[in-house]
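Worksheet: one structure, shown below.
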Amino acid sequence: QVLVVGCGNSELSEQMYDVGMCEDIVNIDISDAVIRQMRERSGSRRPKMSYLLMDVLQMDFPDAHFQVVLDKGTLDALLTDEEEATLAKVDQMFAEISRVLQVGGRYLCVSLAQAHVLTKAVQYFSQEGWVVRVHQVAGSGDSQQFVLPVFVYVMTKFRKIPGSAPQILEICPEEQDKPMRVESVERLVAAVRDRQHYALLCSQLSKTPCREQVSLDLCDKESGKPRYTLHVVDSPSAKPSRENRFAIFIIPQGRETEWLFGTEEGRRQLATSAGFGRLVTVALHREQHYEGMAGIQAELSGKVMELAPPGLPARQQVPFLSVGGDIGVRAVRHRDTSPLSGEYVVEDVKGDGTCYFRRLIFLRNRNVVQSEARLLAPTPLPGQKKRRKDKKKPSPAEPPAAIDKSYLCCEHHKAMVAGLCLLGGPDPLPASLAVLVVGLGGGSLPLFIHDYFSQACVAVVEIDPSMLEVATRWFGFSQGDRMQVHISDGLDYVAKLAAEAPAQYDAIMFDVDSKDLTVGMSCPPPAFVEKPFLQKVKTILKPEGIFVLNLVCRDARLKESVLATLRDVFPLLYTRRIEGEVNEILFCQPSPEGRRDPAELGARARALEGALRELGRPWDSSYVLADMLQAVRIL
């Protein structure tokens, strides 16, 4: 026996009757005109179905009379606001539905699932001990009939158990047969809201080109964690052929942080050069396992078509693109949590070509590489025979382990080292060099200075002891007579030196990230560029010394304020932007007399590089100090 509440003039009951789903259907509504109309329409053709004039808030049926109560839009129509009188009516409606349903019976409510409607229904029935499941039954792609998805709440009546019985809350998305258990009403409402936002997004993308890039996460069914991050990029300048209107680009694992894939401008350039009107880039997450390109294509084919551009033929073949035709290599070597830096990973990834790189990533900002080092290809031992061609090759997923200390991966580190050419004195390679580096990370910057400037004594200040362990274990860092690490807050360390031992460093370098992601400056923390502190930095710097600052600031007004403060403290200020990145390297000197013109800078850079090469250590041929200083300008 089925009760349809607020039946109106819907054909739903008639269709259920006619297809033989059920015949014992009682329809009720408070409109006398509707009930007369529906009785006349059904007539004698449906003898077992009845239409009664009745209010769902006060029904005449006996207790436990029905196995099913069906509601198509009545709750949505009644719960138009959250006024006290409205909520009281809804409570009365729910109480009546509960009364006329048998134990084990179900209340099925078809709804657009506005947040306040869904929350009210789920809270009421879950507190009564009922099992609550929310099904998505129609999406925006269903013959374009709906902009927002349609849901059905399935509330199964159980006897209320005294005490605090656990709530059973589930959601069953449209593309899944198996329901997913959720832990709270809030999480269930959030899951529905995500699907509503996604449906609205798909509807918009199917009608008009997107002026701004759209990003979304597709999550793993079991864990709920992000599995794919998608960016939808429309290229207005592209004039694609009929076949080149839409494509999917799989970013190889570990390369999602590169400029071409990890920035809005880079993705726009990628879409334009690929020649497609709309390109969807897909980044793979390190916590997930993927079964190669074919597996990813099979998994994404249905979902990405929901993001297709306007007018794309339904049977259009959509190509999946990548770099080199594979999904790349990523091997997580270490994962831990630091009280100061949060959760982090050390991972090896395959770069462009045959090179492998080791990276330190703080997961609070997973698209930023904190530290990076190139790995050395293994060399055969003396007398070791080469592997025969017919033997099994080593796994491509097994990167080498040794760190290439001669290679600076980060462009801003290359620029910071090149800034040592600005030091005073006729000799490009000074007889002694005292350097203070604030911010250790993986240790690449202080390690390079230590190894290539044999006369340098390097002091490193790092606030997080976990980073010293990471640098030592995973990035080949070590301490010695000329390299000492001090676990301390950089602010406190510099303040103490300023009070006790002024003018002792030839070079001071700040490469320290900010833990506060709400500020528009991720490097350094704002306290490091306040005027009183910068004056202390100047105090511990020798008169002819240089202060090098890695500045990463997206807030234009804040950046101008920082530059103005630096100019107040340091009379001579050079800047060097890093192409394709937000980083800007600032070279600050305490005396305007050290000013050098571009020609002199180039000559000193060539002389310094020549002196360093003569030391006999391996030198990266792509690293030309003079090139690093070509783009330097004086502020």
Quiz item: Scanning for something loosely packed, with under 14 Cβ neighbours inside 10 Å, assigned to a strand (DSSP E or B) and either touching a strand residue (DSSP E or B) at 6+ places or on another chain (Cβ under 7 Å) or of a type in the set (A, V, I, L, M, F, W, C) (or both), does the range 91-103 turn up at least one residue?
Solution: yes
Quiz item: Would you pick out the residues in the range 443-465 that are under 27 Å from the mean Cα position of the chain (by Cα), surrounded by fewer than 20 Cβ atoms within 10 Å (Cβ to Cβ) and in a helix (DSSP H, G or I)?
Solution: Pro465
Quiz item: So Thr575 fits all but one of (1) of a type in the set (S, T, N, Q); (2) crowded, with 17+ Cβ neighbours inside 10 Å; (3) in a helix (DSSP H, G or I); what number is the exception?
Solution: (3)
Quiz item: Hey, Gly580 hits all of (1) surrounded by fewer than 21 Cβ atoms within 10 Å (Cβ to Cβ); (2) on the phi < 0 side of the Ramachandran plot but one; which does it fall short on?
Solution: (2)
Quiz item: What is the one condition in (1) surrounded by fewer than 19 Cβ atoms within 10 Å (Cβ to Cβ); (2) over 34 Å from the mean Cα position of the chain (by Cα); (3) among the aliphatic types (A, V, I, L, M) that Leu422 does not satisfy?
Solution: (1)
Quiz item: Within the bounds of the range 317-332, is there any residue that is over 16 Å from Asp217 (Cα atoms), free of Cβ contacts under 8 Å to residues at least 12 places away in the same chain and of a type in the set (Asp, Glu)?
Solution: no
Quiz item: How many of the residues in the range 471-492 are closer than 20 Å to Pro339 by Cα and either small (Gly, Ala, Ser) or in a helix (DSSP H, G or I) (or both)?
Solution: 8
Self-check item: Condition check for Tyr623: within 26 Å of Val512 (Cβ to Cβ), surrounded by 15 or more Cβ atoms within 10 Å (Cβ to Cβ), touching a strand residue (DSSP E or B) at 6+ places or on another chain (Cβ under 7 Å) and among the hydroxyl-bearing types (Ser, Thr, Tyr)
Solution: no
Practice problem: Determine which member of the set Ser42, Ser10 is modelled with pLDDT under 95 and open to solvent by less than 20 Å² (accessible area, probe 1.4 Å). | Solution: Ser42
Quiz prompt | The listed residue being under 20 Å from Arg159 (Cα atoms) and out of contact with any helix residue (DSSP H, G or I) (no Cβ under 9 Å at 6 or more places or on another chain), out of Gln102, Gln15 | solution = Gln102
Quiz item: Out of (1) open to solvent by 70 Å² or more (accessible area, probe 1.4 Å); (2) under 19 Å from Asp217 (Cβ atoms); (3) among the small types (Gly, Ala, Ser), the odd one out for Ala294 is which?
Solution: (2)
Self-check item: Where a residue in the range 487-511 is on the phi > 0 side of the Ramachandran plot and its partner, wherever it lies, is part of a helix (DSSP H, G or I) and open to solvent by less than 30 Å² (accessible area, probe 1.4 Å), with Cβ under 7 Å and at least six apart
Solution: Ala503/Ile540
Exercise. Can you tell me which residue within the range 20-36, out of those that are at pLDDT 90 or above and of a type in the set (Asp, Glu), is least open to solvent (accessible area, probe 1.4 Å)?
Key: Asp29
Quiz item: Got a sec? Which of Leu52, Leu79 is in contact (Cβ under 8 Å) with a residue 24 or more places away in the chain, open to solvent by 40 Å² or more (accessible area, probe 1.4 Å), within 28 Å of Thr156 (Cβ to Cβ) and not β-branched (Val, Ile, Thr)?
Solution: Leu52
Quiz prompt | Failed item in (1) within 18 Å of Leu541 (Cα to Cα); (2) touching a residue at least 60 places away in the same chain (Cβ under 8 Å), with Leu408 passing the rest | solution = (1)
Quiz item: When you go through Leu429, Leu517, Leu440, Leu468 one by one, which is the residue that is outside any strand (DSSP E or B) and free of Cβ contacts under 8 Å to residues at least 40 places away in the same chain?
Solution: Leu468
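Each row is one residue, and each column tells you yes or no for (1) of a type in the set (D, E, K, R); (2) free of Cβ contacts under 8 Å to residues at least 40 places away in the same chain; (3) open to solvent by 30 Å² or more (accessible area, probe 1.4 Å); (4) part of a helix (DSSP H, G or I).
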{"site": "Ala599", "(1), (2), (3), (4)": "no, yes, yes, yes"}
{"site": "Ala605", "(1), (2), (3), (4)": "no, no, no, yes"}
{"site": "Leu612", "(1), (2), (3), (4)": "no, no, no, yes"}
{"site": "Pro618", "(1), (2), (3), (4)": "no, no, yes, no"}
{"site": "Met628", "(1), (2), (3), (4)": "no, no, no, yes"}
Quiz item: Conditions: (1) among the hydroxyl-bearing types (Ser, Thr, Tyr); (2) open to solvent by 40 Å² or more (accessible area, probe 1.4 Å); (3) in contact with a Lys or Arg (Cβ under 6 Å, 6 or more places away or on another chain). Ser561 meets all but one. Number of the miss?
Solution: (3)
Quiz prompt | Flag for Leu436 being buried (at least 19 other Cβ atoms within 10 Å of the Cβ), assigned by the TED database to the domain that holds Thr575 and closer than 21 Å to Val624 by Cβ | solution = no
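The values are calculated or read from the model by the stated rules, or taken from the named source; none is laboratory data. Given the structure is predicted, the values throughout are model-derived calculations rather than measurements. Neighbour counts run over all protein chains shown; Cβ positions are idealised from the backbone, glycine included. The area values use the complete protein model at the heavy-atom level, side chains included, leaving out ligands, DNA and RNA. Shrake-Rupley method; radii C 1.70, N 1.55, O 1.52, S 1.80 Å.
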